[in-house]
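**Q** Submitted below is the structure of interest, expressed as structure tokens.
The values are calculated or read from the model by the stated rules, or taken from the named source; none is laboratory data. Remember, it's a predicted structure, so these values are computed and weren't measured experimentally. Cβ sites come from the backbone with ideal geometry, for glycine too, and all protein chains shown count toward neighbours.
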Amino acid sequence: MTVALQVTDLSKSFGQSVALRGVSFSIPTGSLYGLVGPNGAGKTTLLSLVAGFLIPDAGAISILGKDARDELPELRGRFSMLVQDAMLPRNRKIRETLTYLARLGGLSKQEAVQDVARVLEMCGLTDQASKRFRQLSHGMTKRLHVAQAFLGQPELIFLDEPTSGLDPENAAQIRKIILELAGESTVVISSHNLVELEETCTDLVILDEGEVAYAGSMHAFLSGGSLVRWTVDSPVDEGVLSQIRGLEGVVGLELKNPTTLHLTFEPSQTLGRHHIAKSVIETLLRHDIVPRTMAEGARLEERFLVEVGRAPTS
Amino acid sequence: MKHSSSINWRQVGFMTLADLRRTLRGGSGLFFLLVIILVGWILLAIVTNPLDRLIVEEGSQSLTAASPAVITQQIAVFFGPVIAWWIDAPSQFSESVVHLISARPAVMSLFLIMFAGFVPFTSCLVGCDQMAADLANRHARVILLRTGRLELMLSRFFGVVLFSAIVSLILVLFVAAFIGTRLPGFDPILLLLWGLQGWMALVVISLPYLALTTWLSLVVRTSGMVFILSLLFTTALIVVTKVLGGYFELSWLEKLSPWGWKYGLFHPNAGTLLTSLSVLLLFALVFLAAARYRLVRRDC
């Protein structure tokens, strides 16, 4: 397995505020990687360090096998980024500016013209190409930022909040484009939209308070956990809930609505997941409550909240 | 952060020309050109209107009809002391003043040295919008994904140098054409050659001030603040030396800034000229080195 991005012991502070503290992880080539974390967790700082916009206090970054500090010039054009909150010059024309960026990335004039046409088509902006940036709506501007990140077909693309502020239709279009890139480029998406990441990404890194809380495959993260979602045929009262809470191996219980339970199991060597589940089912049946569906694992949002210690456990 | 010491000059050239093209085509470039032409026009009026009156009083029909010798003589009488004061020469009979009036087309000399006094200020204006705004609104990040920090900084610097040079060339050619038309007695070739030599001096004078704005644009967050600070740097020393110069010997103080060296570029003595040229280039290099030092250590 080749590595597209390797981050080792990366630290960054802004004055007294520590943004990243010894962050280490690696991203395999070809993966669609999610970067998740609460506000202020250090996601944008991490991406800014990787791109060379910020200077790290300590640590090393390797992009596509090259040192991002010493060999940055050799990496120009091989990785790209949708920069959060970056402004594009309001009075400049779209096609002209994208062509300029493509040429700066190393393409010839003819290649740049063709590539700009490609990314504009990809992002559904072909008919806007002659306009100036100030004439675009927020959604179109966002898509244009995404388009510039795809210029030159980079091997590694970082997308910082690619769908924030977009309507569902535009967001779906961006997700579709990202999925189409799978296999061609390694894509790292930083987002608060966990549903989107769950649908899109194969792997993820969770940052919390400047540290890595999890780094690995999405599947392992969602199924490796002990969260179980249960729906039942009739409302569960407090008496039943307290009996379930008292069962061995049940460490968390949340009543999402009167007929939906979220349980957190803690299996041990002597007490497996199935045994705990069996005890729960028996308890419910004793009170004439019939379990209807059971889903192991959890949606990313729930699992994420557990991982960063924000999950309500009752 | 470590950075590769080799600079990608192809990218620098590409960005410089792209920036220059945009500036020339854009409203800000046109605005600056008009400001400079207006300043030039006013300076020409300041030079030619009193001459016109003097020459008529001396018995000639008009300035246009007067011979270059008569015009030069009137300039020496009327403007000699002013030129001496303007370029800090000991008197109107100093070698440098006599050279400007007698050895070169006097009207063009007058225009060049007066305009040279404005170049530091116009350079602050043209150079203030190099990087501060782009760094603050993060547009620079979109560019820095594709090029290095030094390449970006140098392209912005060379862009304003080229723009400033083109504008002052247009102005000098305009002035040469104006003088050549209005005062046909002056040899047009000599006028043009002296104009071009003066234009090169104007470009050299602008370099340290443009480099100063490059450095400041990496230190403060807005173009307006860059303009104010560079203007303060330019004027503070002048004000101090001009105000207190009557009481104390402060000519050495002017030599601490590019201001004190600019008229050496118009001096007939090659040694003085080369020294001034070297010092002005050194000032530019020092400011660029400060800018580089700041740039490679700051977050973008």
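**Q** Collect the residues in region B:261-278 that are in contact with a Gly (Cβ under 8 Å, 6 or more places away or on another chain) and either free of Cβ contacts under 8 Å to residues at least 60 places away in the same chain or closer than 18 Å to residue B:93 by Cα (or both), keeping them in residue-number order.
**A** B:266, B:272, B:273, B:275, B:276
**Q** Any residue at all in region A:214-226 that is over 27 Å from residue A:203 (Cβ atoms) and either within 28 Å of the chain's Cα centre (by Cα) or not assigned by TED's automatic domain parsing to the domain that holds residue A:201 (or both)?
**A** No, there is no match, as no residue in region A:214-226 is over 27 Å from residue A:203 (Cβ atoms) and either within 28 Å of the chain's Cα centre (by Cα) or not assigned by TED's automatic domain parsing to the domain that holds residue A:201 (or both).
**Q** Output the number of residues of region B:203-229 satisfying the condition of being surrounded by 24 or more Cβ atoms within 10 Å (Cβ to Cβ) and under 16 Å from residue B:259 (Cβ atoms).
**A** 8
**Q** Given the criteria at pLDDT below 90, among the small types (Gly, Ala, Ser) and either exposed (fewer than 15 other Cβ atoms within 10 Å of the Cβ) or under 30 Å from residue A:38 (Cα atoms) (or both), does residue A:277 qualify?
**A** Considered against the rule, which asks whether it is at pLDDT below 90, among the small types (Gly, Ala, Ser) and either exposed (fewer than 15 other Cβ atoms within 10 Å of the Cβ) or under 30 Å from residue A:38 (Cα atoms) (or both), residue A:277 comes out as no.
**Q** Based on this model, can you work out whether residue B:97 counts as surrounded by 20 or more Cβ atoms within 10 Å (Cβ to Cβ), of a type outside the set (Lys, Arg) and within 14 Å of chain A (Cβ to nearest Cβ)?
**A** In short, no.
**Q** Moving on. Could you list, in sequence order, all residues of region A:280-299 that are touching a Phe, Trp or Tyr at 6+ places or on another chain (Cβ under 8 Å), at pLDDT 85 or above and in a strand (DSSP E or B)?
**A** The answer is A:291, and nothing else.
**Q** Next up: Any residue in region A:270-289 that is in contact with a strand residue (DSSP E or B) (Cβ under 9 Å, 6 or more places away or on another chain), within 16 Å of residue A:227 (Cβ to Cβ) and among the hydroxyl-bearing types (Ser, Thr, Tyr)?
**A** Within region A:270-289, not a single residue is in contact with a strand residue (DSSP E or B) (Cβ under 9 Å, 6 or more places away or on another chain), within 16 Å of residue A:227 (Cβ to Cβ) and among the hydroxyl-bearing types (Ser, Thr, Tyr).
**Q** So, one more: In region B:125-132, is there at least one residue being within 14 Å of another protein chain (Cβ to nearest Cβ) and surrounded by fewer than 23 Cβ atoms within 10 Å (Cβ to Cβ)?
**A** Scanning region B:125-132 turns up at least one residue that is within 14 Å of another protein chain (Cβ to nearest Cβ) and surrounded by fewer than 23 Cβ atoms within 10 Å (Cβ to Cβ).
To keep it simple, each residue is scored yes or no on (1) in the same structural domain as residue A:63 (by TED's automatic domain parsing); (2) under 19 Å from residue A:104 (Cβ atoms); (3) out of contact with any helix residue (DSSP H, G or I) (no Cβ under 7 Å at 6 or more places or on another chain).
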position	(1), (2), (3)
A:123	yes, no, no
A:127	yes, no, yes
A:139	yes, no, no
A:151	yes, yes, no
A:154	yes, yes, yes
A:183	yes, no, yes
A:200	yes, no, no
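**Q** If you check A:263, A:285, A:247, which single one turns out to be out of contact with any helix residue (DSSP H, G or I) (no Cβ under 6 Å at 6 or more places or on another chain) and under 27 Å from residue A:222 (Cβ atoms)?
**A** A:263
**Q** Now for a different question. Which pairs turn up if I take residues in region A:26-53 that are closer than 24 Å to residue B:142 by Cβ and look for partners that are part of a strand (DSSP E or B) and of a type in the set (Lys, Arg) with beta carbon separation below 7 Å, at least 6 apart in sequence or on another chain?
**A** Cβ pairs passing all conditions: A:45/A:12; A:49/A:12.
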